[in-house]
Amino acid sequence: AQEAGSVAAPTAGLHFTEGLLQGLEQKGILSANVTLHVGLGTFEPMRTTEPREHQMHAEFGRVPQSTANAIHECRAKKKRVIAVG
């Protein structure tokens with residue numbers, strides 16, 4: 001995690017070590033970051049059989065302009081964008 005605010009550890013990308021990211025970059029595969037502050041609702045059990053009735057806590061997400069630019073550039077070149085997390 002780069003900044004405080006989430007109620008959970010950033011586990012989705014734990015397997016992306018600096019060495020792995022460097023190896024991917026050497027192969028021409030770039031990465032870009034987003035911020036997600038997970039809310040307490042992530043751990044709230046469902047108490048209804050209808051998912052639409054389940055109330056979630058708010059979460060905060062941010063996509064930096066540099067990440068948005070990288071995604072747009074990649075798509076303009078007809079390359080793949082793969083989200084992890």
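The values are calculated or read from the model by the stated rules, or taken from the named source; none is laboratory data. Everything quoted here is computed from the prediction, not taken from an experiment. So basically every Cβ, Gly included, is an ideal-geometry build from the backbone, and we count neighbours across all protein chains shown. These accessible areas exclude ligands, DNA and RNA; they are computed on the full protein's heavy atoms, side chains included. Shrake-Rupley method; radii C 1.70, N 1.55, O 1.52, S 1.80 Å.
General remarks:
- Potential extension, Thr17-Met46 segment - 0.36 nm per residue separation minus Cα distance: 7.1 nm
- Solvent-accessible area, 1.4 Å probe, carbon plus sulfur percent, for the chain: 54
- Electrostatic bookkeeping for Thr35 treats Lys and Arg as +1 and Asp and Glu as -1; over the other residues with beta carbon under 9 Å from its beta carbon, the sum is 0.
- Hull volume in cubic angstrom per residue (convex hull over the Cα atoms of the chain): 139
- Calculated [θ] (222 nm, deg cm²/dmol) that DSSP helices of n ≥ 4 give over the chain, each run adding -39,500 (n - 2.57): -7500 deg cm²/dmol
- Residues listed by number, the stretch 1-41, amide nitrogen under 17 Å from Ala58 label point at 7 Å toward C-beta: 5-7, 36-41
- If a spin label sat at a point 7 angstrom from the Cα of Ala4 along the line to its beta carbon, the backbone N atoms of the stretch 26-54 nearer than 20 Å would be those of 35-41.
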